Amino acid sequence: MIDPVTLIVALIGASTPILLAAIGELVVEKSGVLNLGVEGMMIIGAICGFMTAVNIGFSWSGFVAGAAGGAILSVVFAFLTQFLLSNQVATGLALTLFGLGLAALLGEAYSGISPPLTPDLFPQTLQEGSAISSIIFGHDPVIYLSLGLVAAVWYVLQHTRAGLILRAVGENHDAAHALGYRVVRIRCLAIIFGGACAGLGGAYLSLVRVPSWTEGMTAGAGWIALAIVVFASWRPWRALLGAYLFGGIAALQLRLQASDITVPVVLLDMSPYIVTIVVLVLMSSNRVRATLNAPAALGKVFHASG
Amino acid sequence: MGLTPLLTIDGLTKTYPGVVANDDVSFHLAPGEIHALLGENGAGKSTLVKMIYGLAKPDAGAMTLGGAPYTPAAPWAARAAGVAMVFQHFSLFEALNVAENIALGTETLPPPRALAAQIREVGKSYGLPLDPGRLVGDLSAGERQRVEIIRCLLQNPRLLIMDEPTSVLTPQEADILFHTLRKISAGGAAILYISHKLEDIRTLCDKATILRQGKVVATCTPREVSAARIAELMVGQLLSPPARTERAPGEVLLKVADLSLEPVAAFGTPLRHIGFDVRAGEVLGIGGVAGNGQDELLMALSGEVLTAPGAILFKDHGIGAMPPGQRRSLGLLCAPEERLGHAAAPDMSLTENAVLTARQREGLERGGFLDWAGAKDFARRVIANFDVRTPGPDVVARALSGGNLQKYVIGREILQTPTVLVVNQPTWGVDAGAAAAIRQALLDLAKGGAAVVCISQDIDELLEISDWFCALNEGHLSTPRPVRGLSMEEIGLMLGGAHATHKAEPGATHAAA
């Protein structure tokens with residue numbers, strides 16, 4: 001049957017790319033920008049990370065390159081939306097399409113290759129003690145980094161002045177401007193952070209999760225990350241919960257397919273997405289409550305007048 | 001005098017494309033002085049203070065602060081130099097709490113607990129009690145202003161700029177504010193007080209500088225000059241109050257009975273058991289500070305939000321569940337407050353905007369096709385009859401100035417000969433000449449036998465045109481009373497519910513009846 005320990009370990013691995021992208025997008029949206037290009041930034045991160053790791057031979061260089069690739073693509077978005085004041089939704093969609101196409105082009109020579117291995121952080125002896133220790137210690141460094149990132153984002157948003165300013169900019173950019181905060185600069189930094197997170201998530205996908213390069217390998221993970229931000233009502237710990245919930249269902253359905261239970265495969269394949277839709281519907285049924293924590297200036301174009 | 005001036009402004013000039021916002025403006029302020037900056041909308045007051053606060057750079061001219069040259073590059077530089085500002089449209093963040101809002105406006109941030117204590121302490125010494133943990137979205141307008149003032153006071157400013165501070169306050173709240181301001185000026189800080197409310201300025205200010213079309217037209221001591229004279233200086237012409245004639249009340253055209261409504265938006269106000277009726281030939285004035293349910297009431301009357309059929313009666317027919325189009329066909333027309341985006345679509349032409357509300361009543365639609373010639377003709381009539389200054393009906397709504405667009409959206413409804421017209425803040429942000437024209441048009445409409453409901457924050461306006469007066473406070477509507485014989489004191493009590501009378505303790509807003 002299904003072993004709960006391996007299921008949990010698999011769940012955490014399956015969730016990490018989405019979690020990384022979601023936590024980055026959460027920061028972007030908290031600053032009042034809606035970047036729908038997460039999918040594009042993820043796949044660019046996946047191919048940049050894969051290419052670098054294969055060529056240099058160290059997986060860590062791939063993660064750095066993946067984050068850099070995602071960040072560079074997000075700079076395009078930041079320039080278009082913050083300086084040329086283009087529509088954020090349209091620009092984000094364009095970014096996704098552009099990212100998918102560019103990644104396919106870059107990755108043409110890389111299919112069928114195995115990337116260098118990413119070692120676990122803790123030694124094997126520590127992992128094999130018990131069920132608990134294999135859940136706690138049985139992961140690679142990026143997973144611990146993603147958890148640290150959630151904690152850091154939560155702390156910065158809630159308890160530091162920088163986080164307060166970021167939230168203020170996302171809440172009312174005109175008021176923030178009147179107080180003398182540099183709305184455009186703060187938003188650009190948030191967008192680049194979001195791009196780096198998405199790129200890192202993509203690199204994790206191609207270097208650890210799969211691990212190989214296939215065209216279109218993100219397969220909608222970026223869109224799910226976007227949905228998780230709303231599901232989490234812009235709260236970091238809830239984003240963690242949302243990502244693990246989704247990862248859990250994805251990991252479970254793989255195991256259900258392998259076990260003897262006779263459920264049509266297509267239904268199981270659909271299940272994570274159906275659950276996402278159901279959760280989003282439930283979340284938004286109470287409009288007033290859902291909007292309470294939403295950044296009030298989300299998606300609005302800021303133009304400093306006077 | 002004898003004192004060195006705290007702030008001198010010498011020959012400041014600022015041009016924006018197409019307009020000279022400030023033209024060679026000069027004046028000075030002594031420490032401890034409360035100095036009024038007077039002028040109509042568009043006279044250049046806001047541009048001037050933006051330059052003092054570092055939000056705009058002057059094209060020419062110089063400023064000194066405390067004897068030293070003063071050229072703030074950004075608001076933080078102005079704050080560092082000891083200049084603080086309370087904005088007209090509050091620069092507050094609704095989803096953040098009081099302490100967080102205050103922290104955002106200060107350069108040096110004490111730890112949260114110390115900040116909370118400081119807020120309480122400053123609040124107490126200036127009579128501005130506030131609970132640092134409350135969400136700003138839940139505060140009344142008067143309390144929000146307190147947040148802004150405390151934010152400024154925490155920086156020990158030498159100069160405090162107040163931009164139209166009483167426009168959103170009840171008379172009682174304004175009294176509390178004046179008391180605070182006098183305390184601040186007694187402490188040695190100068191106050192630059194911007195307003196177009198002459199009585200405020202006559203009670204509060206030591207000196208006044210009057211701007212018209214970007215230029216200083218006069219300097220005076222407001223206590224020694226009559227309000228009428230100041231008004232003349234501001235406008236540059238004599239204004240005649242709207243003419244009204246006696247009329248016998250007709251039948252009840254619009255009746256609202258026990259209308260309750262939950263808010264649609266976050267931080268909206270629920271409506272609670274609203275009831276009133278308006279007769280033919282009458283104007284009902286609904287006063288109250290914005291954010292007390294005005295938008296919600298207008299949406300319920302216009303049909304944007306549906307209610308029980310019996311909650312709104314039009315000539316004794318329940319129309320509460322009817323959508324806006326059907327209500328318009330019956331003769332209930334509305335002109336909402338927000339001109340760009342609610343009353344008019346900003347990027348559509350005046351003709352297209354005419355079609356949006358006049359389609360049914362002016363017969364601009366035939367078998368699903370629009371009659372553009374007729375629509376253009378209708379738009380031209382609105383422009384001509386209401387003196388809308390625009391090149392023509394093909395201009396987009398966004399291109400019109402606030403006053404002109406307001407004349408257009410109100411004229412558009414009036415020319416459709418409504419049986420009942422509901423307007424929200426008809427003269428908000430409109431210059432005095434256009435405001436007088438709009439008021440006169442509303443009175444003429446009532447004279448012709450229509451019923452008019454006018455929701456406004458401007459008490460003087462309501463007293464001028466209404467037959468009946470009532471006030472909205474936190475979603476409750478007071479019982480309408482005849483305007484004749486109503487004292488300012490009584491109006492203040494109606495506006496403030498109960499809470500404005502006891503110097504607004506924190507949490508006291510919930511005690512309002």
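The values are calculated or read from the model by the stated rules, or taken from the named source; none is laboratory data. Small disclaimer: the values here were computed from a predicted structure and weren't measured. Note that each Cβ is placed from the backbone with ideal geometry, even for glycine, and that neighbours are counted across all protein chains shown.
Of these, A:V64, A:V5, A:V76, A:V28, which one is at pLDDT below 95, in a helix (DSSP H, G or I) and among the β-branched types (V, I, T)?
On the way: A:V64 fails: at pLDDT below 95; A:V76 fails: at pLDDT below 95; A:V28 fails: at pLDDT below 95.
Exactly one of A:V64, A:V5, A:V76, A:V28 is at pLDDT below 95, in a helix (DSSP H, G or I) and among the β-branched types (V, I, T), namely A:V5.
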Listed residues B:A30, B:A43; which is within 18 Å of B:Y193 (Cβ to Cβ), in contact with a helix residue (DSSP H, G or I) (Cβ under 8 Å, 6 or more places away or on another chain) and small (G, A, S)? B:A43
Might you let me know whether segment A:225-241 holds any residue that is at pLDDT 85 or above, within 21 Å of A:P4 (Cα to Cα) and within 17 Å of the chain's Cα centre (by Cα)? yes
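Table: residues versus (1) at pLDDT 90 or above; (2) part of a helix (DSSP H, G or I); (3) at negative phi.
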site	(1), (2), (3)
A:S114	no, no, yes
A:P119	no, no, yes
A:I135	no, yes, yes
A:I143	yes, yes, yes
A:G148	yes, yes, yes
Cβ contacts < 6 Å: first residue within 14 Å of chain B (Cβ to nearest Cβ) and more than 9 Å from A:V28 (Cα to Cα), restricted to segment A:181-207; second residue buried (at least 24 other Cβ atoms within 10 Å of the Cβ) and aliphatic (A, V, I, L, M), any location; separation 6+ or different chain. Result? A:V183/A:V169; A:V183/A:A176; A:I186/A:V169
Before we move on, is A:A258 free of Cβ contacts under 8 Å to residues at least 24 places away in the same chain and either surrounded by 23 or more Cβ atoms within 10 Å (Cβ to Cβ) or away from chain B (no Cβ under 14 Å) (or both)? yes
Could you check segment B:94-126 and list, in sequence order, the residues that are in contact (Cβ under 8 Å) with a residue 24 or more places away in the chain and among the charged types (D, E, K, R)? B:E94, B:E107
Restricting attention to segment B:268-321, report how many residues are in contact with a helix residue (DSSP H, G or I) (Cβ under 9 Å, 6 or more places away or on another chain), outside any loop (DSSP other than H, G, I, E, B) and β-branched (V, I, T). 4
Could you figure out which of (1) modelled with pLDDT of 85 or more; (2) in contact with a Leu (Cβ under 7 Å, 6 or more places away or on another chain); (3) surrounded by 16 or more Cβ atoms within 10 Å (Cβ to Cβ); (4) farther than 27 Å from B:H196 by Cβ isn't true of B:T106? (1)
Those residues of segment B:246-273 which are out of contact with any Phe, Trp or Tyr (no Cβ under 6 Å at 6 or more places or on another chain), of a type in the set (V, I, T) and modelled with pLDDT of 85 or more, in sequence order: B:V252
Just one listed residue, out of B:M63, B:M85, is under 22 Å from the mean Cα position of the chain (by Cα), assigned by TED's automatic domain parsing to the domain that holds B:V217 and assigned to a strand (DSSP E or B), and it is B:M85
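How many residues are part of a helix (DSSP H, G or I) and either under 30 Å from B:H28 (Cβ atoms) or more than 8 Å from chain A (Cβ to nearest Cβ) (or both) when one looks only at segment B:102-126? Spell out how you get there, then give the answer.
Kept after step one, since they are part of a helix (DSSP H, G or I), are these residues of segment B:102-126: B:102-104, B:112-125.
Narrowing further to those that are either under 30 Å from B:H28 (Cβ atoms) or more than 8 Å from chain A (Cβ to nearest Cβ) (or both): B:102, B:112-125.
The qualifying residues number 15.
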Which listed residue, of B:A379, B:A432, is at pLDDT below 90, more than 22 Å from B:F314 (Cα to Cα), in contact with a helix residue (DSSP H, G or I) (Cβ under 8 Å, 6 or more places away or on another chain) and of a type in the set (G, A, S): B:A432
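Is there a residue in segment B:297-310 that is under 25 Å from the mean Cα position of the chain (by Cα), hydroxyl-bearing (S, T, Y), under 25 Å from B:L261 (Cα atoms) and crowded, with 19+ Cβ neighbours inside 10 Å? Reasoning before the result, please.
So in segment B:297-310, the residues under 25 Å from the mean Cα position of the chain (by Cα) come out as B:297-305.
Subset that is hydroxyl-bearing (S, T, Y): B:302.
With the extra rule that they be under 25 Å from B:L261 (Cα atoms), the set shrinks to B:302.
Filter once more, keeping what is crowded, with 19+ Cβ neighbours inside 10 Å: B:302.
Within segment B:297-310 (the criterion being under 25 Å from the mean Cα position of the chain (by Cα), hydroxyl-bearing (S, T, Y), under 25 Å from B:L261 (Cα atoms) and crowded, with 19+ Cβ neighbours inside 10 Å), the answer is yes, since at least one residue qualifies.
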Hey, can you tell me all the residues within segment B:369-387 that are assigned to a loop (DSSP other than H, G, I, E, B) and over 11 Å from B:L415 (Cα atoms)? B:D371, B:D387
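So is A:A162 within 14 Å of chain B (Cβ to nearest Cβ) and either in contact with a strand residue (DSSP E or B) (Cβ under 7 Å, 6 or more places away or on another chain) or surrounded by 21 or more Cβ atoms within 10 Å (Cβ to Cβ) (or both) or not? Please lay out each step first, then the result.
Working: within 14 Å of chain B (Cβ to nearest Cβ): yes; either in contact with a strand residue (DSSP E or B) (Cβ under 7 Å, 6 or more places away or on another chain) or surrounded by 21 or more Cβ atoms within 10 Å (Cβ to Cβ) (or both): no.
It is false that A:A162 is within 14 Å of chain B (Cβ to nearest Cβ) and either in contact with a strand residue (DSSP E or B) (Cβ under 7 Å, 6 or more places away or on another chain) or surrounded by 21 or more Cβ atoms within 10 Å (Cβ to Cβ) (or both).
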Count of residues meeting criterion [without any contact (Cβ under 8 Å) to a residue 40 or more places away in the chain and of a type outside the set (A, V, I, L, M, F, W, C)] in segment B:290-312: 3
Could you check, for segment B:154-174, whether at least one of its residues is aliphatic (A, V, I, L, M), surrounded by fewer than 20 Cβ atoms within 10 Å (Cβ to Cβ) and out of contact with any strand residue (DSSP E or B) (no Cβ under 9 Å at 6 or more places or on another chain)? no
Within segment B:34-60, tally of residues that are crowded, with 21+ Cβ neighbours inside 10 Å, more than 14 Å from every other protein chain (Cβ to nearest Cβ) and either touching a Phe, Trp or Tyr at 6+ places or on another chain (Cβ under 8 Å) or assigned to a loop (DSSP other than H, G, I, E, B) (or both): 7
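Would you check if B:T390 is over 30 Å from B:L254 (Cα atoms), among the β-branched types (V, I, T), more than 22 Å from the chain's Cα centre (by Cα) and not in a strand (DSSP E or B)? Quick ask: steps written out before the conclusion?
Working: over 30 Å from B:L254 (Cα atoms): yes; among the β-branched types (V, I, T): yes; more than 22 Å from the chain's Cα centre (by Cα): yes; not in a strand (DSSP E or B): yes.
So B:T390 fits the description; yes.
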Which of the residues belonging to segment B:61-78 are within 14 Å of chain A (Cβ to nearest Cβ) and surrounded by fewer than 21 Cβ atoms within 10 Å (Cβ to Cβ)? B:A73, B:A74, B:W76, B:A77
All positions within segment B:175-196 that are surrounded by fewer than 23 Cβ atoms within 10 Å (Cβ to Cβ), out of contact with any Lys or Arg (no Cβ under 9 Å at 6 or more places or on another chain) and hydroxyl-bearing (S, T, Y): B:S185
In the set B:R389, B:R439, which member is in contact with a helix residue (DSSP H, G or I) (Cβ under 7 Å, 6 or more places away or on another chain), without any contact (Cβ under 8 Å) to a residue 24 or more places away in the chain and either over 26 Å from B:I286 (Cβ atoms) or assigned by TED's automatic domain parsing to the domain that holds B:S349 (or both)? B:R389
Say we look at segment B:401-417 and pick out the residues that are in contact with a Lys or Arg (Cβ under 8 Å, 6 or more places away or on another chain) and among the aliphatic types (A, V, I, L, M); which of these is surrounded by the most Cβ atoms within 10 Å (Cβ to Cβ)? B:V409
Inspect all residues belonging to segment B:466-487 and state whether any of them is among the hydrophobic types (A, V, I, L, M, F, W, C), in contact with a helix residue (DSSP H, G or I) (Cβ under 6 Å, 6 or more places away or on another chain), touching a residue at least 60 places away in the same chain (Cβ under 8 Å) and within 29 Å of B:R389 (Cβ to Cβ). no
